[in-house]
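Since the structure comes first, as structure tokens, the remarks are kept for the end.
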Amino acid sequence: MSGISQQPAEPWKPNLQVDIGGLTLRNPVMPASGTFGYGEEYAELVELGKIGAIVTKGLSLKPKTGNPTPRIAETPAGMLNAVGLQNVGIDCFVRDKLPFLRSVDTPVIANFFGNTLEEYGEVAKKLSDVPEVAAAELNISCPNVKQGGIVFGTDPRAASEVISLVRKNYSKPLIVKLTPNITDITVVARAAVEAGADALSCINTLTGMSIDVRSRSPRLANVTGGLSGPAIRPVAVRMVYQVAQAVSVPIIGIGGIVEVEDAIEFLIAGATAVQVGSANFVNPGTMGHLVDGLEAFCIEEKIRDIRELIGSLRI
Amino acid sequence: MKDIQTTVVENQEISSGYFRMKILAPEFGRMVKPGQFVMVKVRQLNDPFLRRPFCVFRIGFLPPESDGLPPREYLELVFKVVGRGTEILATLKTGDRIAILGPLGNGFDLDSIGEDLLLVAGGIGVAPLYMLGEACAKKKKVRLLLGGRTRDDILAVTDFERLGIETYVSTDDGTLGEKGLVTEVLAQTLADGAPSAVAVCGPMAMISVVQTICRKQQVPLQVSLEALMACGVGACLGCMVKGAGHSEAEPRLLTVCKNGPVFRDVDIDWAQFA
């Protein structure tokens, strides 16, 4: 035996922790609102303590029954939905759904919306009284309802008005979810940050439509719906990139993430975290797989801290 | 509930456009209740994107291998080629990879069935009824009314007969069994004496007629519904049906995937299907 012993390389783990407008997450992976129910739906299949956060179905002041069926239609590498924000309402959420979420050691982000400006304000007030809700995600971008949602998200002045009101009523981290159904997403992104958004989620679904050619009828009862899935990923990556150039708050990238490379693409484009949407429906193991994959990628690329990837695009 | 990557044991066309597929499914035997379903990913690509729901037709065991390992469990699906997903499913061969998530949904309520069960199936609607028949055949009187447009739509008759279930076949064109609608056979059967329970699966138009007949005769009915769905676990809210007494003021919305796919007819608002 020679006197020189080879020291095994010190095992190391990259830091996956990120900060979203004051909310610290153990890793940047979370579900997109509306694809993960209230968390408990997937408790048997997903290790909830492993993901960065749980994002709830969009909550409103009163329960909402949503749109008539058919509400979903499969499309090439994706799906259309027009669920219409069906939800149990904020009070029922706090009474019936929170107790389960309390038992999980993962921050809860409550997604919410209003039918009117006043309702947005009231839901924000109610959420600020719930200690278990770590952050709120304000939906001003749902394409499937007449009131609320997208009406506020396509006009920078309306967006500014609703965000300012919510900001007054809600002091914890406030994320604003933006719509891609607009000519220049950076206009609303800037308005949102000026009005007090701590972070931005990009993007909600793209408005789409599909027709059954035999019956000549739309495949969705709502006629149009929101497109999600891998089909929209390049559009989403482009918009995250544009928004990252325009504002300095953290961005949550959303749009067709299935594989770990997809999530990394969003980080490089400028996202601090990512949300997994319709892929949860297809493979409930997706988010756990992404967390493992991000760690493996960092080790492979000798990246000590995942934040090194954020906005690291080389042109 | 499990999400597994597994393999196809066998895939056979049993009638024009209808297939029976055996899929290796360890431990599913003790998990699956009659009437439950699985979500199947027909291939590991993004297109087609979504899983498809299929009722579990039957659970079985492969003959033991010479290696002395215990017999391997499989689940069997019966499906009809209706679109792109099932077209791909039809091409799968022994040894091909497939992903299944399940068992999902509630299944039939066996406790309320009584001593005399009548199964009513329209075409591929036979799929969820075999396991129910199997669970009941030993202790109860079980009969099956099996209807289809033509003889090609009549599936799995010998499987039911092997359980000792009396099977009455009818086709709209008379190419097999009695000529006429299965609902006419049902009306006749009930007129001769009501069973303690009816379980039905098939096209919605047929289910609606079965419901009307059973309501009139006051026979307890369980229905297995089909719906478009993305997740199968109650998250996507794609497969909502209105429950009995639903109104905007007092919503009673049910998911076919989780509150169903089996419902007591009295729990459903039938006007929505009219």
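Read-outs: derived from the displayed coordinates by stated rules, not from any lab. Keep in mind the model is a prediction, meaning the values are calculated, not measured. Cβ: placed from backbone, ideal geometry, glycine included. Neighbour counts: every protein chain shown.
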The cysteines in the protein assembly as shown that find no other cysteine Cβ closer than 4.7 Å to their own Cβ are A:C92, A:C142, A:C202, A:C298, B:C55, B:C136, B:C201, B:C214, B:C239, B:C257
If you take every residue apart from B:G17 with its C-beta less than 12 Å away from the C-beta of B:G17, what net charge results, scoring Lys and Arg +1 and Asp and Glu -1?
-2
Once you put a point 7 Å from the Cα of B:T150 and another 7 Å from the Cα of A:T183, both along the Cβ direction, what distance in nm separates them?
5.7 nm
Can you give the relative contact order of region A:174-281 as a percent, counting alpha carbon pairs under 8 Å and 6+ residues apart?
26 percent
With only Lys, Arg, Asp and Glu charged, each at its Cβ (+1 for the first two, -1 for the last two), find how big the charge dipole of chain A is about the Cα centre; round to the nearest 20 debye.
800 debye
So how tilted is helix A:260-269 from the main axis of chain A? Cα-based, degrees 0 to 90, rounded to 10.
80 degrees
Put +1 on the Cβ of every Lys and Arg and -1 on every Asp and Glu Cβ in chain A; which of A:N67, A:Q275, A:V88 then has its Cα farthest towards the positive end of the dipole?
A:N67
Contact order normalised by residue count of region A:18-308, Cα under 8 Å, 6+ apart, percent
20 percent
Using unit Cβ charges (K, R positive; D, E negative) and no other charged atoms, how large, in debye to the nearest 20, is the dipole of region A:50-176 about its Cα centre?
80 debye
Those GluC sites (Glu not before Pro) from region A:13-68 that are DSSP loop and have at most 12 other Cβ neighbours within 10 Å turn out to be A:E44
Cut-off 10 angstrom, C-alpha nodes, Gaussian network model of chain A. Which of A:I303, A:I175, A:I90 fluctuates the most?
A:I303
Signed unit charges on C-beta, dipole axis of region A:18-308, positive-most listed residue A:A263, A:A158, A:V291:
A:A158
Violating pairs (Cα-Cα greater than 32 angstrom) within the set B:K2/B:K138; B:K93/B:K179; A:K13/B:K41; A:K97/B:K141; B:K2/B:K141; B:K141/B:K179:
B:K93/B:K179; A:K13/B:K41; A:K97/B:K141; B:K2/B:K141
How crowded by other chains is B:38-49, given as the mean number of beta carbons from other chains within 10 Å of each beta carbon?
4
Could you work out, residue by residue across A:60-73, how many beta carbons of other chains sit within 10 Å of that residue's beta carbon, and then give the average as an integer?
4
So what is the relative contact order for region A:248-315, in percent, with contacts set as C-alpha pairs under 8 Å and at least six apart?
37 percent
What is the helix-to-structure angle for B:182-191, meaning the angle in degrees between its Cα long axis and the longest Cα principal axis of chain B, kept from 0 to 90 and rounded to the nearest 10?
50 degrees
Using alpha carbon centroids, what distance separates region A:177-196 and region A:71-90, in Å?
23 Å
Cut-off 14 Å between beta-carbons: net charge of the residues surrounding A:F281, Lys and Arg +1, Asp and Glu -1
+3
Going through region B:1-98, which chymotrypsin sites (Phe, Trp or Tyr not before Pro) have at most 13 other Cβ atoms within 10 Å and a DSSP loop state?
none
Report, as an integer, the average count of C-beta atoms from other chains found within 10 Å of each Cβ along A:274-287.
4
Any idea which of B:G17, B:A274, B:P70 is furthest toward the positive side of the dipole for chain B, if Lys and Arg beta-carbons carry +1 and Asp and Glu beta-carbons -1?
B:P70
Those trypsin sites (Lys or Arg not before Pro) from region B:42-129 that are DSSP loop and have at most 13 other Cβ neighbours within 10 Å turn out to be B:K93
Distance in nm between B:E13 and B:E161 label points, each 7 Å along Cα→Cβ, equals 2.4 nm
Can you show me the helix-derived [θ] at 222 nm for chain B, built from DSSP H runs with n ≥ 4 at -39,500 (n - 2.57) apiece and divided by the number of residues, rounded to the nearest 500.
-5000 deg cm²/dmol
Length gained, B:A249-B:A194, 0.36 nm per residue minus C-alpha separation, equals 16.0 nm
